[in-house]
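Peer 1: I'd like to ask you about the structure that follows.
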Amino acid sequence: MIPCPEPGIYPDVPMATYLAWDAASNSQLTYILKSPAHFKAYQDTVDSFDTAAFQLGRASHTLLFEPDLFAKEFTPEPDITGPDFASYASPRSTKAYKEQVAILEAGGLTVLKSGDMQDANALKDAVLAHPKAGKVVQSTGQAELSIVWVDPETGVVCKGRFDWHTPTYAGGAVVDLKTTVDASPGAFERAVFKFGYHRKGAHYLRGARVLGIPTAHFVMIAAEKTPPYGVILYRLMDDAVRLGEVQLDFALARYAECQRTGEYPGYTTDVVDIGVPRWADAAVERDLEEQTI
Amino acid sequence: MSDSKGTSVAVFSSDKGFETGQRIAKALGKSDLVPAAYKGDKGLPNTLIALELASRIGASPLMVMQNLHIISGRPSWSSSFLIATVNASGKFSPLRFRYEGELGTEGYGCRAYATDADTGEECVGSLITMRMAKDEGWSTKSGSKWKTMPEQMLMYRAAAFWTRVYAPELSLGMHTVEEMMDISAGRASSATADLNAALEDEGILLAEVVDEETGEITEPDEPVEGNGELGL
């Protein structure tokens with residue numbers, strides 16, 4: 001971790017620098033809701049969370065919001081259909097392939113598999129072709145904007161990073177690109193809760209409010225990462241923001257307490273009741289009703 | 001200020017009521033039993049409103065807090081609480097329900113009814129049918145409880161309609177949670193509608209350039225790129 005700058009708006013901060021700032025991000029607060037020990041583990045190993053799914057998301061973000069940086073950060077994998085690898089059944093398992101990838105990665109590049117590269121480009125094109133999503137991301141605004149603020153209730157220093165901010169539409173909007181396997185309302189609603197997008201929206205809207213950044217909406221571009229690359233533009237409803245704020249307040253109070261005491265406890269050491277989720281009764285009943293003897 | 005039972009506070013009727021209400025709200029806000037929206041200093045304004053509502057309908061503040069939900073930004077009663085409030089009012093016999101039509105058909109429906117305690121008149125509510133649920137779009141949205149528990153929804157809706165015409169002083173003009181969920185489904189909130197309208201307005205797609213001398217509006221040839229303009 002590195003010291004966080006003073007509260008303010010910081011364009012053009014490299015992602016690695018932003019991640020290293022010692023301040024409460026939405027991701028960290030999400031972990032501290034689970035337990036302070038989980039938060040501490042995340043904080044200590046944040047760089048190792050770059051999974052393949054995350055890489056595709058990052059590539060899509062960069063193509064859409066910072067296309068000039070794409071070639072500096074990403075490169076296609078070695079040509080597995082070329083003469084070096086054509087004779088192998090599993091070219092990515094060969095020593096030669098791994099050596100070539102290692103050389104590219106040593107140069108600071110993220111190596112994207114050919115399928116991922118195609119998906120990232122197709123996803124970007126689908127967003128730009130969407131009549132409203134395309135309009136939002138091409139309006140006056142700023143990409144990858146980092147902000148730092150002090151939470152008025154707890155005094156905790158917080159940080160956030162907008163994929164895109166536009167002051168243009170109906171009071172201004174923070175725009176977040178979400179790559180997903182299913183952008184339909186039913187599925188994405190579950191993703192909002194599962195991944196805490198409602199909390200992220202509440203966190204970012206609060207930061208914008210404290211810093212006086214005109215922002216009336218937290219907007220998510222849900223973009224599917226497989227054909228037909230469906231795109232829907234969602235605005236996080238006020239009820240969901242309120243729910244996020246309730247969780248945020250709890251997380252910030254816990255964060256402040258951990259900072260004060262220097263202690264990061266894990267789960268309870270008591271024996272805890274466990275059952276099945278509330279929906280299980282109805283699910284079992286329905287399943288049995290549908291079966292004939 | 002207390003009612004005849006000496007339990008409720010009309011928060012907004014006097015300075016004294018407001019002061020008393022704040023003391024009660026602060027105490028309630030420290031309880032683990034009240035929902036999150038009423039906890040702590042942030043929940044104090046909500047608790048004051050809950051106290052006022054409790055006073056108006058003669059219910060316990062805790063009951064109001066546990067049964068008042070915010071759906072699409074508007075306060076809404078849980079249906080069971082609304083029925084309980086009618087039953088406890090003493091103005092009517094307990095609400096009962098009468099089914100009509102054939103189960104499984106669109107004509108299947110339910111009415112709520114009760115007897116006026118003063119006059120003995122039977123007060124019969126509107127017939128709510130599955131056809132109405134379909135035509136109004138209540139039963140057609142994804143995940144609708146009208147598909148999985150139609151009888152319960154018919155009773156809840158019949159009770160809500162009944163209360164609105166025979167005892168509006170108990171519902172205070174508010175809808176039930178189930179009604180608000182049906183109403184809000186498939187309809188964009190006003191803020192989302194504003195955003196949609198703004199995005200449909202071609203005039204602000206690109207940052208317009210206004211010639212200060214002529215007033216002529218021109219559009220740049222290419223979309224404006226990020227330049228740090230936050231409109232601050």
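Peer 1: Label the stretch B:66-134 by shape, choosing from rounded, prolate and oblate, from the square roots a ≥ b ≥ c of the eigenvalues of the Cα gyration tensor; if a/c is under 1.5 it is rounded, and otherwise prolate applies when a/b is larger than b/c, oblate when it is not.
Peer 2: Because a/c hits 1.5 or more and a/b fails to exceed b/c, the stretch B:66-134 counts as oblate.
Peer 1: Taking the Cα atoms of the protein assembly as shown alone, what are Rg (to one decimal) and Dmax (as a whole number) in Å?
Peer 2: Calculated on Cα positions, Rg and Dmax stand at 28.2, 96 Å.
Peer 1: Leaving out ligands, DNA and RNA, what percent of the accessible area of chain A is carbon and sulfur, probe 1.4 Å?
Peer 2: With neighbouring chains kept in place, the figure for chain A is 56 percent.
Peer 1: What FRET efficiency comes out for A:GLU189 versus A:ILE274 if R0 is 41 angstrom and r is the Cβ-Cβ distance? Round to the nearest 0.05. Show your work: numbers first, answer last.
Peer 2: Values: r = 27 Å, r/R0 = 0.65.
Calculated value: 0.95.
Peer 1: Another question about this same structure. With a 10 Å cut-off between alpha carbons and a GNM built on chain A, which of A:GLY196, A:GLY160, A:GLY275 moves the most?
Peer 2: A:GLY275
Peer 1: For A:THR110, which sequence-distant residues (separation of 5 or more, or a different chain) have an amide H within less than 5 Å of its own amide H, given hydrogens modelled in the peptide plane?
Peer 2: Placed amide hydrogens put A:PHE74, A:THR75 under 5 Å from A:THR110.
Peer 1: Which one of A:PRO7, A:LEU112, A:VAL241 is farthest out on the positive end of the charge dipole of chain A, using unit charges on Cβ (Lys, Arg +1; Asp, Glu -1) and the Cα centre as origin?
Peer 2: A:PRO7
Peer 1: Could you tell me the calculated FRET efficiency between A:ASP44 and A:VAL150, based on Cβ-Cβ distance and R0 = 30 angstrom, to the nearest 0.05?
Peer 2: Efficiency at R0 = 30 Å is approximately 0.80.
Peer 1: Could I have the simple spin-label model distance between A:SER35 and A:VAL210, label points 7 Å from Cα toward Cβ, reported in nm to one decimal?
Peer 2: According to this spin-label approximation, the distance is 2.8 nm.
Peer 1: With a 1.4 Å probe and all protein chains left in place, how much accessible area per residue does the stretch B:1-145 have, in Å²?
Peer 2: 55
Peer 1: Would you mind classifying chain A by shape? Square roots of the alpha carbon gyration tensor eigenvalues, ordered a ≥ b ≥ c; an a/c under 1.5 is rounded, otherwise it is prolate if a/b is larger than b/c and oblate if not.
Peer 2: Because its axes are fairly even, with a/c under 1.5, chain A counts as rounded.
Peer 1: Specify whether the C-alpha gyration tensor of the stretch A:149-293 places it in the rounded, prolate or oblate class, a ≥ b ≥ c being the square roots of the eigenvalues: rounded for a/c under 1.5, otherwise prolate if a/b is larger than b/c and oblate if not.
Peer 2: oblate
Peer 1: Also, I was wondering about something else. Please go through the stretch A:176-270 and write out the chymotrypsin sites (Phe, Trp or Tyr not before Pro) that DSSP classes as loop and that have at most 11 other C-beta atoms within 10 Å.
Peer 2: When the chymotrypsin sites (Phe, Trp or Tyr not before Pro) of the stretch A:176-270 are filtered for loop state and at most 11 Cβ neighbours within 10 Å, A:TYR267 remain.
Peer 1: If the limit is 29 Å between Cα atoms, which of A:LYS34/B:LYS39; A:LYS178/B:LYS26; A:LYS225/B:LYS134; A:LYS194/B:LYS42; A:LYS124/A:LYS159 go over it? Numbers along the way, then the final one.
Peer 2: Values: A:LYS34/B:LYS39 21 Å; A:LYS178/B:LYS26 41 Å; A:LYS225/B:LYS134 35 Å; A:LYS194/B:LYS42 26 Å; A:LYS124/A:LYS159 27 Å.
Result: A:LYS178/B:LYS26; A:LYS225/B:LYS134 exceed 29 Å.
Peer 1: Report the GluC sites (Glu not before Pro) located in the stretch A:204-293 that are in a DSSP loop and have at most 15 other Cβ atoms inside 10 Å of their Cβ, or state none.
Peer 2: A:GLU263
Peer 1: Based on the Cβ-Cβ distance of A:ALA129 and B:ALA193, what FRET efficiency does E = 1/(1 + (r/R0)^6) give at R0 = 22 Å, to the nearest 0.05?
Peer 2: 0.40
Peer 1: Now for a different question. With the contact rule set at Cα under 8 Å and sequence spacing of 6 or more, what percent relative contact order holds for chain A?
Peer 2: Relative contact order here is 21 percent.
Peer 1: Under a GNM of chain A (C-alpha, springs under 10 Å), which listed residue has the highest mean-square fluctuation: A:SER114, A:SER87, A:SER60?
Peer 2: Highest fluctuation of the listed residues: A:SER87.
Peer 1: Per residue, how many Å² of accessible area does chain A show with a 1.4 Å probe?
Peer 2: On the way: 15300 Å² over 293 residues.
Accessible surface, normalised per residue, equals 52 Å².
Peer 1: I'd like the accessible area for A:ILE2, computed on protein heavy atoms only with a 1.4 Å probe and all protein chains in place. Round to 10 Å², please.
Peer 2: Answer for A:ILE2: close to 70 Å² accessible.
The values are calculated or read from the model by the stated rules, or taken from the named source; none is laboratory data. The model shown is predicted, which means the values in this text are computed figures rather than measured ones. Neighbour counts are summed over all protein chains in view; Cβ atoms, including those assigned to glycine, are modelled from backbone coordinates with ideal geometry. In case anyone asks, the SASA skips ligands and DNA or RNA and just uses the protein heavy atoms, side chains included. Shrake-Rupley method; radii C 1.70, N 1.55, O 1.52, S 1.80 Å.
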